[in-house]
Each structure stands twice: as structure tokens, then as C-alpha cells.
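The values are calculated or read from the model by the stated rules, or taken from the named source; none is laboratory data. All of these numbers come straight from a predicted model, not from anything done at the bench. Counting neighbours? That spans all protein chains shown, and the Cβs are built from the backbone with ideal geometry, glycine included. Surface areas here come from the heavy atoms of the whole protein model, side chains and all, with no ligands, DNA or RNA. Shrake-Rupley method; radii C 1.70, N 1.55, O 1.52, S 1.80 Å.
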Amino acid sequence: MLSPIDYLLWFASALLEVIVVYCAVRTKALRWYLTLTLNMLFAFLINVARFVVFYHYGYRSLEYKYAYYYSDAVWTILLYFSIMGLYQATFEEMGVSRQIRHGSMLLLGATAIISYLLIRQHDSQLTSRFVVELSQNLYFVGVVLTYMLWGALLKMRETRTRLVQLVLALGIYFSASAGAYALRNMYPSLAIAKLIPPLAGTFLPAAWAYTFWRVPDDARLAPARLALRTR
Amino acid sequence: MTSLIIFALSVAVLLDFGLEYLRSVSKAQGK
């Protein structure tokens, strides 16, 4: 059974995802952050699809489990494109979009192959195991990629407040999700590990909506670590 | 063991990102 907190987080995240799309369109941020905005639109559609399955089959049904894990895999792959979008926004002046696109496709393919190799010995339920494994690995690859991007932002002395806050929020989401997956692997019945993903899933659209809504496109702010270095 | 390493790394990165995000938001609001 889902608790009232679960329902609240579910509806709040769906609502916030729509607000992100609205704020991005309203503040004309689509030019720079198209993949992020499209991601939020897909996230909303995924939430609706999950709710339809939940409503018809119930929380403990096999159908809902399949819908949850398959949509989670699709969601992590879409988020991966968000990171690449942020890489492109960071390196836009260097004209390396094509290299970033090729590199990201290569990494995505490598993650899929490694996930398949890891679960190859389990013949039964191959596809569902593959989907779960792929999601877990993509979350951790997401943490690494976002941290690398953060390092690049610091190195390039990036001061665009919007870009900095969008990257930091994505980093929080990925690291919290990867940590929750690891915690669930170690202690499968731990309640807090099950609460972290919906909390992180609500935080990400809330943070992105806040950034698009409150931070103007031309706002500049040196990250704390960078400000310390330049003093 | 792998899960423990991933968990430890994720928490460390989460703290780093979290603190930096809070600083960034509070600075942006202060302007």
C-alpha cells in the first residue's frame, strides 16, 4: 500500500514537471535547455502512464512492477541526454557538439553492453533483469558524468547562474538515486531507501522550476569554490 | 562490496553538490 506521503510526492513531482516546462517556455529558455525541458515533459508522461497502470492493476501487481522498472530505464536514458545537453551548453563556444554527441552515444552503448554482460548468466527474466541493471548502472554513470561536468564548469570559471544551478540539482538527483539503489542492494527492507527515489524525483523538477522561474538568463554568480580560488 | 563503494561515493558527491547548491541559491537570493 502507498502511504499519503507517497501519493503527495507522486502528484507533486508530476505537477512540478509541468511547471518546469511552463517556466522554460515562458522564460524562453528552450534555446539553451531544450533537452532538459523535453525530459520534464517525458517525465510527466511517464508519471501519468505509471498512475494508469497503478490504478488498473494495483501497487503490488506484476504489471506495475514491469511498468515501473521499464519506465525507470527509459527515464535514466532520457536523463543521460539531459547531461549531454548541459555539456553542450557548457562547451557551446568551443564548437565540439559533434564530438560530445558521438562520445555520449558511445558511452550509452558501452553501459548497455556492460549491463547485459553482468546479467547474462541469469537466463530467466533476462529482459527485466537487464532493465533494472541498466538503470542502476546509468544512475552511477550519471553521477560520474555530472561530477566531471561540474569539474569542467569550475575549470572554465563558468558563472552562468542558471547553468550552475541546473547542473548542481541534477548532481544531487543522480547521487541521491545512486546512493538509494546501493542502499537497497545492501538492505532490501530498509524503508528510507525506498523513500529517497520519490524525494529525489520531486526535488529535481522543484529545483529546475525554481531556477527557470527565479534566475534570469543573464544572471552571473561565481560558485563558492571558484570564488575562494580567485580571492 | 561494490554497493558499499557506490554508496560511500554517492554520499560524498551528494554532500558536495548539496552544499554548493545551497550556497548558490542563498547567494542568488541575496543579490
Gain in length, A:Val52 to A:Lys28, computed as 0.36 nm per residue apart minus the alpha-carbon separation, to one decimal in nm?
-> 5.4 nm
What accessible area per residue, rounded to a whole number of Å², is obtained for the range A:64-108 using a probe radius of 1.4 Å?
-> 52
Could you list log10 I(q)/I(0) for chain A at q = 0.14, 0.15, 0.17 Å⁻¹, which the Debye formula gives when each Cα is one point scatterer?
-> -0.95, -1.08, -1.35
Within 10 Å, count the other beta carbons around each residue, average over each peptide in A:45-55, A:194-204, and list them highest first.
-> A:194-204, A:45-55
Mean per-residue count of partner chain Cβ within 10 Å for A:176-187 equals 5
